[in-house]
1. Figure the gain on full extension for residue 60 and residue 73 (residue separation times 0.36 nm, minus the Cα-Cα span) and round it to one decimal in nm.
2. Name the shape class, rounded, prolate or oblate, that the alpha-carbon gyration tensor gives for region 61-151, where a ≥ b ≥ c are the square roots of its eigenvalues, rounded holds for a/c under 1.5, and otherwise prolate holds if a/b is larger than b/c and oblate otherwise.
3. What's the ranking of 37-48, 122-133 by average number of surrounding C-beta atoms within 10 Å, highest first?
């Protein structure tokens, strides 16, 4: 059994081979953080997000291409603005993992789904045997989210 700190260290190391295997050396070296108050922030758009079906989206995190706006029903288009199913893989040597983002809508949840499922971010770690384990979830309480997922 691992405590959360040990697990976070192991998961970061385990995930390394997955993400670095998909990056060219030049790409990995080109990813530069924005440093603020001693925290290095990385934009995952710099290395790619899994689960995106198209590159020609109106907004980077959309799930349908821009050309489908006005073609599909408005309800479908509006749901395509949700980034559900997308994932980012990364490696870190840090014991602290934070996430910050701004939601497009002040509506954090839906009638049938809590804010964690609509507007949250889950952190999973990969352990030595290759399985993924859940670490934590961002629980948004406002449009601007800035939380620590692991410490």
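1. My answer for the length gained is 2.6 nm.
2. Details: a/c = 2.35, a/b = 1.70, b/c = 1.38.
Cα axes put region 61-151 in the prolate bin.
3. By packing density, highest mean first, the sequence is 122-133, 37-48.
Readers should treat all values here as calculations from the given coordinates under stated rules, not as data from a laboratory. What you see is a predicted model; the values in this text were computed from it and never measured. Here Cβ is always computed from backbone atoms with ideal geometry, including for glycine, and neighbour counts include all displayed protein chains.
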